[in-house]
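*Asks:* Handing you a structure now.
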Amino acid sequence: MTTESALWCVIGCNVQRRGSVVADMAPDERPIGVFDSGLGGLTVMRALLDLVPNENLLYFGDTGRFPYGPKPAEDVLKFSFEIVDWLIARGVKMIVVACNSAAAAALESLQARLEIPVIGVIEPGMRAATRVTSNRRVGVIGTVGTIASGAYQHAASSLDDTLELTCAACPGFVEFVESGDIGSDQVHVLAERLLAPVRAAGVDTLVLGCTHYPLLARTIADVMGPDVVLVSSADETAFEVRVRLPNPRVESNPRSVRFVTSGDVATFGHLGARFLGPEVEQVEEWTWS
């Protein structure tokens with residue numbers, strides 16, 4: 001298996017059909033709101049740009065308060081509610097929590113609070129892994145907060161209680177991505193150390209339980225070896241968005257794609273364009289009061 005083929009973004013199968021589209025209702029021009037602690041959610045944005053190509057998108061990267069992974073769950077919950085309030089004030093019709101740490105800490109609370117659909121990245125990623133694995137041994141890597149939350153363990157037991165799940169926290173991965181370093185010797189050495197538990201467990205499938213990690217896919221694949229399939233939740237999440245989208249827009253009107261960051265605009269713009277592509281033309285600044 002090549003490095004390129006090792007990264008699976010499995011889409012289109014067995015997604016629960018909730019919120020089906022009503023064909024005779026007018027297209028909803030409101031944007032889909034997407035947020036992450038920083039740049040990692042751009043992997044989900046890339047999938048949304050491709051899979052729901054007519055939709056307006058509004059992305060908020062909370063790089064001013066990055067990283068979320070090591071922070072207490074109550075802080076991540078507070079940040080998530082603040083960002084969602086910000087998105088709601090700008091009229092979004094759906095929210096994608098494109099951050100595993102935020103999804104682990106806040107997804108259920110947000111879904112209970114809001115009337116619009118709120119989609120996370122944890123269950124779609126695990127759902128894909130259950131379809132891919134042959135030996136039923138699945139690894140999950142994520143931030144300290146995500147792994148400690150037990151969210152992936154809960155999702156796995158709900159989807160398939162025959163899975164043997166091995167989870168490992170990978171502190172440092174997110175920081176390397178946010179600094180633009182995704183292929184240095186230092187990253188490779190860190191990956192060899194942090195991935196040792198999942199390698200020892202003999203997994204044949206590895207869930208990248210942080211939206212930053214697909215940007216490290218080449219290094220992770222090199223360390224894990226050619227027989228291990230990497231699963232990213234980005235495309236799977238975007239497919240669920242497409243299925244649950246209320247009143248999709250039509251192609252006749254040009255769409256709007258906006259990027260907002262609470263951190264350094266120039267850094268976000270430079271790295272965002274590098275990781276996502278030319279869609280990151282302009283980045284707006286937001287400062288928390």
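The values are calculated or read from the model by the stated rules, or taken from the named source; none is laboratory data. It should be emphasised that the depicted structure is a prediction, and the values quoted were computed from it without experimental measurement. Note that each Cβ is placed from the backbone with ideal geometry, even for glycine, and that neighbours are counted across all protein chains shown.
*Asks:* Consider ALA148 carefully, then state whether it is surrounded by fewer than 23 Cβ atoms within 10 Å (Cβ to Cβ), in contact with a helix residue (DSSP H, G or I) (Cβ under 9 Å, 6 or more places away or on another chain) and not in a helix (DSSP H, G or I).
*Replies:* Numbers: surrounded by fewer than 23 Cβ atoms within 10 Å (Cβ to Cβ): yes; in contact with a helix residue (DSSP H, G or I) (Cβ under 9 Å, 6 or more places away or on another chain): yes; not in a helix (DSSP H, G or I): no.
The answer is no for ALA148.
*Asks:* Under the condition of being modelled with pLDDT of 90 or more and within 21 Å of the chain's Cα centre (by Cα), which residue from the range 266-276 is nearest to ILE119 (Cα to Cα)?
*Replies:* LEU276
*Asks:* While we're looking at this one, here's another question. Name the single residue that is surrounded by the most Cβ atoms within 10 Å (Cβ to Cβ) among those in the range 117-141 being under 20 Å from VAL44 (Cβ atoms), in contact with a Gly (Cβ under 8 Å, 6 or more places away or on another chain) and modelled with pLDDT of 95 or more.
*Replies:* VAL140
Here's the yes/no breakdown for (1) crowded, with 24+ Cβ neighbours inside 10 Å; (2) in contact with a His (Cβ under 6 Å, 6 or more places away or on another chain); (3) part of a helix (DSSP H, G or I):
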{"position": "MET45", "(1), (2), (3)": "yes, no, yes"}
{"position": "LEU49", "(1), (2), (3)": "no, no, yes"}
{"position": "TYR59", "(1), (2), (3)": "yes, no, no"}
{"position": "GLU74", "(1), (2), (3)": "no, no, yes"}
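*Asks:* Hey, among LEU159, LEU194, which residue is surrounded by fewer than 21 Cβ atoms within 10 Å (Cβ to Cβ), under 20 Å from GLY139 (Cα atoms) and touching a Cys at 6+ places or on another chain (Cβ under 8 Å)? Give the steps one after another, and end with the answer.
*Replies:* Numbers: LEU159 fails: touching a Cys at 6+ places or on another chain (Cβ under 8 Å).
Going through LEU159, LEU194 in turn, the sole match is LEU194.
*Asks:* Of the conditions (1) of a type outside the set (A, V, I, L, M, F, W, C); (2) in contact with a strand residue (DSSP E or B) (Cβ under 7 Å, 6 or more places away or on another chain); (3) without any contact (Cβ under 8 Å) to a residue 40 or more places away in the chain, ASP181 fails just one. Which one is it?
*Replies:* Condition (2) is where ASP181 drops out.
*Asks:* Filter the range 99-143 for residues that are assigned to a loop (DSSP other than H, G, I, E, B) and farther than 19 Å from PRO246 by Cβ and give the result.
*Replies:* Passing the criteria: CYS99, VAL121, THR133, SER134, ASN135, ARG136, THR143.
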